[in-house]
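Beneath this line is the structure, given in structure tokens, with notes to follow.
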Amino acid sequence: MADRVLFIFAKEPRPGQVKTRMCPPLAAEQAARCQRAFLADLVERLRSLGGVRIVLVAAPEGDAPWLERFAVERSLALAWQGPGDLGQRMQRLLERAVANGERALIVGCDSPDLPLAYVLSAFDSLSRPGVAIGPAADGGYYLVGSFGVVPPIFTGIAWGGPEVLACTLARLEAAAVEFTVLPSWHDVDDFGGLRRLARQLRAAERGGADHGLPACARVVGELSDEGVAL
């Protein structure tokens, strides 16, 4: 059975350069704090899967000191995204993984509450050559992965637009590549998404449930104390 590798794409959480769609009402530093919390909780949850090699894939290359420290503290492998647009960076990673005979998934750090069952389903679907796609509610995707084939889906895409998923699926069908579509999930990439996450955390706490997102809960509490209406 092929090895399982999960790449987490992350940008150095500098104020003013991450989570900018949350600003306003958040200040740049508050948005960067959210990014750090999302990544911390996502990594801890994914580490519980077992049998999965996790690689933090950082940007910008050679200039991500917070991410480098984060990787060391959590004993994570660190790689660099390298040059090019998002599609070129993802394609390079999957090409290397395919060449190594690995089942490879790529996720971002915009979904700290991503169900682990979806990740496992994606790996299971890659027990044979093909592609796994996890649709995001905004028209993009929260996960993409492949085994045995690098699909023709990473060039000429308007990244960040509402047609990313539709264009990707159309290309897979045209290329006759076998693919699996996972259940839809949401990103937390704007203030509305942050408020939804805050409601989810409060509901879990009221019900005495373990939401498994301690860093997110801490930041939501800090923002509330700072006067942010969540």
Are there any pairs with C-beta distances below 7 angstrom linking a residue in the stretch 151-178 that is under 21 Å from ARG96 (Cβ atoms) to a residue that is charged (D, E, K, R) and surrounded by 14 or more Cβ atoms within 10 Å (Cβ to Cβ), with the two at least 6 apart or on different chains, and if so which? PRO152/ARG171; ILE153/ARG171
Restricting the stretch 164-185 to residues that are surrounded by fewer than 17 Cβ atoms within 10 Å (Cβ to Cβ) and within 16 Å of the chain's Cα centre (by Cα), the residue that is farthest from ASP85 (Cα to Cα): PRO183
Assess whether GLY148 counts as being at positive phi, modelled with pLDDT of 90 or more, of a type outside the set (Val, Ile, Thr) and surrounded by 14 or more Cβ atoms within 10 Å (Cβ to Cβ). yes
Would a scan of the stretch 89-97 turn up a residue that is outside any helix (DSSP H, G or I), modelled with pLDDT under 95 and not aromatic (Phe, Trp, Tyr)? no
What residue, among those in the stretch 7-29 that are outside any loop (DSSP other than H, G, I, E, B) and in contact with a helix residue (DSSP H, G or I) (Cβ under 6 Å, 6 or more places away or on another chain), is farthest from SER75 (Cα to Cα)? MET22
What helices (runs of 4 or more DSSP H) lie completely within the stretch 117-230 and have 2 or more residues being within 21 Å of LEU6 (Cβ to Cβ)? 164-174, 214-225
Residue check: is GLN35 part of a helix (DSSP H, G or I), within 14 Å of ALA10 (Cα to Cα) and polar (S, T, N, Q)? yes
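The values are calculated or read from the model by the stated rules, or taken from the named source; none is laboratory data. Everything quoted here is computed from the prediction, not taken from an experiment. All Cβ positions, even for glycine, are placed from backbone atoms using ideal geometry, and neighbour counts span all protein chains on display.
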